[in-house]
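**Q** What follows is a structure written as structure tokens; I'll ask about it next.
All of the numbers you see were taken from the coordinates with simple rules; none came from a lab. Bear in mind that the values here come from a model prediction, so they are computed numbers and not experimental data. All Cβ positions, glycine included, derive from the backbone under ideal geometry; neighbour counts span all protein chains shown.
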Amino acid sequence: MNNGVTQNKQTVLSSITGDKVNVNVGNNTHLKGSLLASGNYDENGIFQDNQNLNLTTNTLTFGNLSNSNYSSSTSLGVNVNYNLEDKKVENQKEKPQQKGISSVGYNSSNSLEVNASKTLATLGTGNVTVKDVDNSDELDRLNRDTTAVNKDLYSSSTGTKVDATLDTRLLTEDGRNQIKDDMYTASAILKSIEQIASNDKISVLDFFDETQQNVDVYNAMKRKIASDENFASQLQDPNLDPLAKQNMLQEIALTVMKELGYVSNDVKLIYTDEIGVNKVQVKGFYDPNTQTSYVNDKYNNSTSELVSSTGHEIMHDKDKQNNIFVSNDNLSPVEF
């Protein structure tokens, strides 16, 4: 199953140009995301000003136009493998295998791209006379660079891909013994079911439910980014101070949890080099006693990574509220 959405809002540049441009206006001249200049476009489509503009107007006003592009795509697939026999031949020897459904696969992918720009009202150089400056717009704010008519505001792209397989031998004792025998060749499968096995979620329905919850959180975060220009802009800012980062993470947690029907608890930014019980650097962890999500600024290398780690901790908060939470991390928080 595949679906996608694309939305575009694009300005068509209006311009008055030529080798020599003479304009005389008795009242007001208004530039709305347009170019008024003398010159020509080069082979790269960049306007080169020759400074032969002569403009006389009583007043001059101007305004910019906005451009935006939004595109998203989603795909989802499921596959089932079925064994007709309870034995298989491997290296000319018979080996037992589980008859019936042997594995269930799930794959999904999501992508989102959002960008925005402005087409600036632009006036070329030359002899420009504005008689009534007091009743005109602030001319110092008017763009005079004909090579920079368009200004990018922000651009953001994100995506995720889930490709998982559940070996249904896990559901029986004989099957689990077969998995132990095949552990070297089935390591990818074991990794994909590790979280489910550690939480005693060993049914097919639990497997798909766990995967779908991750997709739901991602989609809710994606909608937040697409609908909030300020938030999308913050994702591109590498210089946010700790308080701004924490407020941003708290905001996205509130939005996502509310949309998914859960209570939003605290998200706190920390800075620590302590490691978790699994002896690896921890980007975030969840404290079930205080129902607080901690995101570690030391080991998240960008604002986008901070948001991604927050999404992971949101999953733990959901599990806690569903009474299925199992702790994997243990840190002593060092707050800013």
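**Q** Subtract the Cα-Cα distance of residue 70 and residue 109 from 0.36 nm times their separation in residues, and report this length gain in nm to one decimal.
**A** 12.3 nm
**Q** In whole Hz and in residue order, list the ³J(HN,Hα) couplings for the range 115-128 that follow from phi through the Karplus curve 6.51 cos²θ - 1.76 cosθ + 1.60, θ = phi - 60°; x for Gly and Pro.
**A** Residue by residue, the range 115-128 yields 8, 9, 8, 10, 9, 7, 4, 10, 10, x, 9, x, 9, 10 Hz.
**Q** Around residue 153, what is the net charge, scoring Lys/Arg as +1 and Asp/Glu as -1 over all other residues with Cβ under 9 Å from its Cβ?
**A** 0
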